Amino acid sequence: MNNSGISLIITMLLLIGAAVVVGTMYYTWSNDIFADTTEKMTPTIKSSIGNVIKPIEISSIETYYFTNLDLNNDLKITNTPEERFIQTVILEFINNIDEDLSVDTRIYCLTPNVSWASVNIDENNNNQLLDRNGNPYNHNGVYIYFNETYYNSSMKFYDKDGRLYYASTNTSNLTNLVVLNSPTKSFLLKGNSKKAVSYHILINNTKIPNTPIFKIVASTKYGNVEKKITFEIN
């Protein structure tokens, strides 16, 4: 009877031990399976997040540099003498999706105490100055073209290739910028395409040195995209 009782106890202990071993093996196996699944799934999730497509992107030169603008050394740009200038800024809009998009853009100046305007220039007609409605601007009976190579109390104009021209007439008495200022522009951007758009920023009055920062906001039905442009004036 004693031997029988001991055998029964040993049998039970062996069964319990086997159950513990099997349980441990199952736990280790299931842990390995879970770890293996996680390692395989995580890169896919990261890849999906990383490949989110931006409908529109904007590319451009981000900083423009200007020197020797202060003709009378008063540490500011004014129209007396005529020290004002227009810089052509080219923005390339990139449509990354297979859908035509209507794009509305607007220019803002983020720097205080800078008098400026976004003007229209007909680049295909000797850089003629246009009014805010896109019509040739008549200034005291004269049309203004930025196609001269000499200074005659005339505003400077830097074209899209960085070439310097001057206004075709004396512009020092051109002070009404309201009729010229056109900070908005709209256009259609074809699906999976690029479009270069010209903006012409006139600096009317500012201290020197100064670093005006401009922001161009492009709006579509998918939201807004921004681009900042800096003028380093010394």
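Would you mind stating whether Lys185 is over 21 Å from the mean Cα position of the chain (by Cα), under 30 Å from Asn140 (Cα atoms) and touching a residue at least 60 places away in the same chain (Cβ under 8 Å)? In short, no. Of all residue pairs spaced 6 or more apart or on separate chains, none has beta-carbon atoms under 7 Å together with a first member in the range 160-171 that is exposed (fewer than 11 other Cβ atoms within 10 Å of the Cβ) and a second member that is in a loop (DSSP other than H, G, I, E, B) and of a type in the set (Asp, Glu).
Condition check ((1) modelled with pLDDT of 95 or more; (2) under 20 Å from the mean Cα position of the chain (by Cα); (3) closer than 28 Å to Ala196 by Cβ) across all residues:
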position: Trp29; (1), (2), (3): no, no, no
position: Ser47; (1), (2), (3): no, no, no
position: Lys76; (1), (2), (3): yes, no, no
position: Ile94; (1), (2), (3): yes, yes, yes
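Evaluated against (1) aliphatic (A, V, I, L, M); (2) more than 25 Å from Ser60 (Cα to Cα); (3) open to solvent by 50 Å² or more (accessible area, probe 1.4 Å), Leu188 falls short on exactly one condition, (2). Scanning the range 62-119 for residues that are of a type in the set (Gly, Ala, Ser), buried (at least 16 other Cβ atoms within 10 Å of the Cβ) and more than 20 Å from Asn181 (Cβ to Cβ) yields no hits at all.
Scanning the range 116-165 for residues that are polar (S, T, N, Q) and not in a strand (DSSP E or B) yields Asn124, Asn125, Asn126, Asn127, Asn133, Asn135, Asn140, Thr149, Asn152, Ser153, Ser154.
Residue-level analysis places Val179 outside the set of residues that are assigned to a strand (DSSP E or B), in the same structural domain as Asn95 (by the TED database) and in contact (Cβ under 8 Å) with a residue 12 or more places away in the chain.
Yes or no: Ile107 assigned to a strand (DSSP E or B) and under 14 Å from the mean Cα position of the chain (by Cα)? Answer is yes for this residue. The set of residues in the range 132-159 being out of contact with any Leu (no Cβ under 9 Å at 6 or more places or on another chain), open to solvent by 60 Å² or more (accessible area, probe 1.4 Å) and closer than 19 Å to Trp116 by Cα consists of Asn133 alone.
Just one of the listed residues (Asn176, Asn205, Asn192, Asn210) is within 18 Å of Pro136 (Cβ to Cβ) and not small (Gly, Ala, Ser), and it is Asn176. Of the numbered criteria (1) over 27 Å from Lys207 (Cα atoms); (2) in a loop (DSSP other than H, G, I, E, B), the one Asn68 fails is (1).
The values are calculated or read from the model by the stated rules, or taken from the named source; none is laboratory data. Given the structure is predicted, the values throughout are model-derived calculations rather than measurements. As a convention, Cβ positions derive from the backbone with ideal geometry for all residues, glycine included, and neighbour counts pool all protein chains shown. Ligands, DNA and RNA are excluded from the accessible area calculation, which covers all protein heavy atoms including side chains. Shrake-Rupley method; radii C 1.70, N 1.55, O 1.52, S 1.80 Å.
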